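Step one of this worksheet: look at the structure below.
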Amino acid sequence: MLTNGMRGLPLLAAAALMTAGLASGARAEPGGCLKYGAAGAVGGHLVHHGVVGAMGGCAAGMYKRHEYRKTVREKAALYDKEHPVDPNLSALERYRARKTDEQKATLWDAEHPPGPPAGPSGH
């Protein structure tokens, strides 16, 4: 028989195992249903609408991640346009030189830093 202090132990162990499994393959991307859904559930719980808050948070997180991935694909396409593949390379050389969309977007950002902010004229 479990005492009052030990009742949450199996739940805590299960949560730790699930978190460890999720974190191992995670990429650093903004948004996501789990992250925003959990925040929405907490916020919804405060006003006694935890499920509605979780659903709203999940939808917001999915949209945020969609927009991030869309931006990454656009930047990768711009990088590809500026750095065409050499047709004289062998298939093996092209395979070794390939980059993911995230790598291409990062490289494009590094090559095109944002300009200085537009300040008031006359200074």
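Please give me the summed charge of the neighbours of Glu111: other residues whose Cβ is under 11 Å from its Cβ, Lys and Arg +1, Asp and Glu -1. Each step should come with its number before you reach the end.
Working: positive: Lys75, Lys104; negative: Glu82, Asp109.
Around Glu111, the surrounding residues sum to 0.
Normalising the Debye intensity of the stretch 27-110 to I(0), with uniform scatterers on Cα atoms only, and taking log10 at q = 0.18, 0.22, 0.26 Å⁻¹ returns -0.77, -0.93, -1.09.
A cut-off under 14 angstrom between Cβ atoms defines the neighbours of Arg98, and their net charge, with Lys, Arg +1 and Asp, Glu -1, is -1. Candidate cross-link partners of Lys35 among the lysines, defined by an alpha-carbon separation under 17 Å and a same-chain spacing of 8 or more, comprise Lys64.
Each value in this text was obtained by applying a stated rule to the coordinates, not by laboratory testing. Fair warning: this is a prediction, and the values are worked out from it, not measured in the lab. Here the Cβ is made from the backbone with ideal geometry for all residues, glycine too, and neighbour counts use every protein chain on show.
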